[in-house]
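The structure under discussion appears below in the form of C-alpha cells.
The values are calculated or read from the model by the stated rules, or taken from the named source; none is laboratory data. Note that this is a predicted model, so its numbers are computed, not measured. Quick reminder, even Gly has a Cβ in these numbers, built from the backbone with ideal geometry, and neighbours come from all protein chains shown. Surface areas here come from the heavy atoms of the whole protein model, side chains and all, with no ligands, DNA or RNA. Shrake-Rupley method; radii C 1.70, N 1.55, O 1.52, S 1.80 Å.
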Amino acid sequence: MERELNTTPEPPRGNGSADAGYQAFFLDLLLRDAPAVEYERPVLRARSGGADADTVAALEEAKFAALRVRSVLRDRQRRESELSALFETANDLAGMRSLDQVLQAIVERARHLLSTDVAYLTLSDAEAGDTYMRVTSGSVSAVFQQVRLAPGKGLGGLVATTGLPYVTANYFTDPRFEHAENIDHAVREEGLVAILGVPLKMNGRGVGVLLAANRRERPFAHSEVALLSSLATHAAIAIDNANLIDDTRRALDELHTVNERLQRHTASVERSAAAHDRFTDLVLGGGGVREVAAAVAEVLGGSVRIHDRTSEVSVTASPSGEVNDPSPGGDPLVEGDAEVAEAVRSSLASGRAVAVDDTWVAAAAAGGEPLGTLVLRGVELDGTDQRVLERAAMVTALLLLIRRSVSETEHRVRGDLLNELLEVPARDPVSLRQRAALLQADLDAPHVLVVAEAVGADPHRLRSAASFVAETTGGLATSRGGRLVLALAGSDPSEVGRRVCAELSAAANGPVTAGLAGPTDGLGTFLDTFTEAVRCLQTLRALGREGDSATIEDLGFSGLLLSQNRDVSGFVSATLGPLLEYDERRSTLLVETLGAYFAAGGNLSRAKDDLHIHVNTVAQRLERIGQLIGTDWQRPDRALELQLALHLHGLLDKGVDLLGDQGGA
C-alpha cells in the first residue's frame with residue numbers, strides 16, 4: 001500500500017490536471033475495493049506536502065464522492081447478495097415437500113441472513129385466537145420454545161394482530177409493547193434483547209410471524225426489515241405450497257383408503273353374489289348340508305362345521321375343498337363349550353350370526369324351531385360376509401325342511417304300503433308291487449320283520465331313525481300301536497335285527513327291545529311274519545328282557561309254544577344237540593343220564609339206582625353234560641327247557657307225530 005501511495009501523482013497546483021489525477025487514484029481504490037482508511041491517504045499527503053487550501057478541499061471533495069460511490073456499491077453488493085440468498089432460499093423452499101422441513105429451513109435461513117443469535121416462527125391458532133411457537137433456530141430455553149402469545153401481547157402478538165413489521169433494539173425498555181408475564185419470562189429465559197418481527201401473510205390473511213433476535217442490544221436497519229419481510233413472503237408461499245402438498249397427500253391417502261374400502265366392499269359384494277348363486281344352485285340342484293359346508297368354506301374361507309339336529313350328524317369342510325363325511329352323535333359344536341352354546345341360543349333368538357372370539361355361530365332355524373348349527377372358525381368377517389353366513393344358515397334350514405318334508409312324505413308312503421301288507425295282504429298284489437317298485441323295494445324278495453319299542457325315547461327321533469334305515473336299505477317302515485315296524489330285505493333275522501337295533505338305540509339314546517321274524521315268502525306271508533315278531537316282542541317283555549332282540553328260535557321252548565310252524569325236531573336239536581352228538585360218537589348215555597337225574601328230582605343216589613351205576617359215574621356224566629351244554633344247565637329256566645326237550649325227544653323216538661295239529665295252534 002505504501003508503494004501505491006508513493007506512486008500517487010502529486011496534486012497539480014493551480015491547474016485541472018491534478019483533479020483528474022486524484023479522480024483516477026480514487027477510481028483505482030474503488031476498483032480494488034480498498035478499505036475506507038486508504039481514502040484518507042491522498043488528503044493527508046497533500047496536507048503534509050504543503051498543498052494549498054484549494055487543493056486540499058478538492059481532495060476532500062473527491063474523497064467524499066469516492067466514499068459515497070463506495071457505499072452505494074457496497075449497498076448494491078449487499079443487496080445483490082441478499083437477493084441471491086433470497087433466490088436460493090426460494091429455490092430451496094420450492095423443492096421441499098414437508099411442512100416441518102419448510103418451517104425449519106425458513107428460520108435457519110433468516111438467522112443466517114440477518115446474522116442473529118436466534119430466529120423463530122409462530123403460527124396462528126384459529127380456535128384459540130392466539131399464536132404459538134412452531135419452530136426455532138438457536139433457541140436454548142424449553143420455556144421459550146413452548147410459549148404462546150395472546151393477541152396484541154408482546155412484539156410477536158402485536159405483529160400478528162396488526163399485520164405490520166415491528167423492530168426494537170431493547171425489548172424490555174420499549175414502551176410500545178404490551179408486556180405479558182408468560183412472554184417476558186420466556187424472553188428472559190432465552191436472554192433476548194433486540195427483536196425484529198414481520199408478518200407471514202397468505203392470500204392477504206395473517207397466518208403467523210417470522211422473528212429474528214439478538215441477545216444483546218442491536219438496532220435493525222430498514223434493509224434488514226425489508227430482507228426479513230421478503231423472506232417472510234417467500235416463506236408464506238412455501239408454507240402454502242407445503243400445506244397444499246400435505247392436503248394433497250392427505251387427500252390421496254384418504255382416496256387410497258376409500259379405494260381400499262371400495263375394493264374390499266366390492267370383493268365382499270362379489271363374494272356375496274357368488275355365495276347367493278352357489279346357494280341357489282344348491283337348492284335347485286337338490287344339494288344337502290355337505291354341499292352347503294363346502295360352499296361356505298370356499299366363499300368365506302376358514303373351517304366350517306354344520307350340525308344337522310334333525311338327524312344328529314355333522315359335516316366339516318375346509319378352504320382346501322376337503323369335506324369330512326357326516327359323523328353321528330350329539331352336537332359336538334356346543335358340547336363342553338358354554339360360550340358357543342350361549343352364542344347358538346343368542347343366534348336362534350336374534351336370527352343373526354354371533355361372534356365368539358375367532359368363531360362365528362349361526363343357527364339354522366324355521367319358525368323358532370332349531371334345525372341345525374353352523375360354526376365358522378379361523379376367519380374375520382365384515383358385515384357382508386356375516387350376511388353370507390346368515391344366508392347359508394337360512395339355506396341350510398330350507399334344505400333340512402325340504403329333506404324332512406320329503407322324508408316324512410316318503411315315510412308316509414312306505415308306512416301306508418306296509419300297513420296294507422299287514423292288514424289286507426291279498427288286496428291287488430299288482431298295485432302293491434308297483435308301488436313298492438317306486439320305493440325301490442321288492443316285495444317278492446325275502447324280508448325280515450322287526451317290531452321294536454323303546455320306553456321313554458323321543459318318538460319323533462325314533463321314527464326318523466326307522467325311516468332312515470328303511471330308505472337306505474330299500475325297506476318299509478311304519479308305526480303301529482306305538483311300536484315301530486320295519487320290513488327289511490334279508491334272510492337272516494338275527495343279523496338284520498342286530499343292525500337295526502344298533503341304529504335305533506343310537507337314535508333313542510337308550511335300549512331298544514325288538515321282536516324278529518322271517519324271512520317272508522311273498523306278499524301273503526307278511527302278516528304271519530309280523531304276528532310272530534309281535535309275539536317275540538311280547539315274550540321278551542314278559543321275560544323281563546328289556547333292551548334285547550330275539551327270534552322264535554332264540555326264545556327256546558317259549559318260542560316253540562308261540563310259533564305257528566312248530567319245529568319240534570329243531571327245538572330238540574337246538575337244546576340237546578351237543579349231548580345227542582356226543583352219545584352217537586362215543587356210544588355213551590349222557591341223554592339217558594340227564595333224564596334219570598331230572599326224574600330223580602336231582603337226587604344222585606336215586607339216579608344211580610335207576611341207572612344201575614355208581615354214584616361217582618353219575619357225577620362224572622353230569623360234569624361232562626355241563627361242559628357240553630353250559631354250566632348253567634341247572635338254572636330253573638334252562639332245566640325246564642331241557643326237560644321239555646327230553647320229553648319231546650322220547651316222543652319222537654317212539655314215532656309220535658308232533659306236527660299234525662300245527663295248523664290250529
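Here are the numbers:
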read-out	value
For Ala514: the one exception among (1) open to solvent by 20 Å² or more (accessible area, probe 1.4 Å); (2) assigned to a strand (DSSP E or B); (3) among the hydrophobic types (A, V, I, L, M, F, W, C)	(1)
Residues of segment 106-133 that turn out to be closer than 19 Å to Ala236 by Cβ, assigned to a strand (DSSP E or B), of a type in the set (A, V, I, L, M, F, W, C) and over 52 Å from the mean Cα position of the chain (by Cα), as a count	1
Segment 246-267 residues that are closer than 23 Å to Leu99 by Cα, paired with ones that are in a helix (DSSP H, G or I) (beta carbon under 6 Å, 6 or more apart)	Asp246/Leu99
Which listed residue, of Val289, Val187, Val225, Val193, is of a type outside the set (Asp, Glu) and under 30 Å from Asp308 (Cβ atoms)	Val289
Of all residues making up segment 162-207, the number that are open to solvent by 70 Å² or more (accessible area, probe 1.4 Å), at pLDDT 90 or above and closer than 17 Å to Leu123 by Cα	1
Condition check for Ser223: hydroxyl-bearing (Ser, Thr, Tyr) and under 24 Å from Leu158 (Cβ atoms)	yes
Inter-residue pairs, beta-carbon under 8 Å, first surrounded by 19 or more Cβ atoms within 10 Å (Cβ to Cβ) and in segment 366-395, second assigned to a strand (DSSP E or B) and among the aromatic types (Phe, Trp, Tyr), 6+ apart	Val375/Trp360; Leu376/Trp360; Gln386/Trp360; Leu389/Trp360
Unmet criterion (only one of (1) surrounded by 15 or more Cβ atoms within 10 Å (Cβ to Cβ); (2) closer than 22 Å to Val147 by Cβ) for Glu224	(2)
Test: residue in segment 232-239 that is farther than 16 Å from Arg109 by Cβ and surrounded by fewer than 22 Cβ atoms within 10 Å (Cβ to Cβ)	no
Some residue of segment 259-279 being hydrophobic (A, V, I, L, M, F, W, C) and farther than 30 Å from Ala297 by Cβ	no
Tally of residues being assigned to a loop (DSSP other than H, G, I, E, B) and over 17 Å from the mean Cα position of the chain (by Cα) across segment 342-378	3
Any hit, segment 134-141, residues being among the hydrophobic types (A, V, I, L, M, F, W, C), closer than 26 Å to Ala221 by Cβ, open to solvent by less than 40 Å² (accessible area, probe 1.4 Å) and under 49 Å from the mean Cα position of the chain (by Cα)	yes
Cβ pairs under 8 Å, 6+ apart, first in segment 29-53 and closer than 14 Å to Lys63 by Cβ and touching a residue at least 24 places away in the same chain (Cβ under 8 Å), second in a helix (DSSP H, G or I) and open to solvent by 70 Å² or more (accessible area, probe 1.4 Å)	Leu30/Leu73
Flag for Ala477 being touching a Cys at 6+ places or on another chain (Cβ under 9 Å) and either open to solvent by less than 10 Å² (accessible area, probe 1.4 Å) or within 30 Å of Ser303 (Cα to Cα) (or both)	no
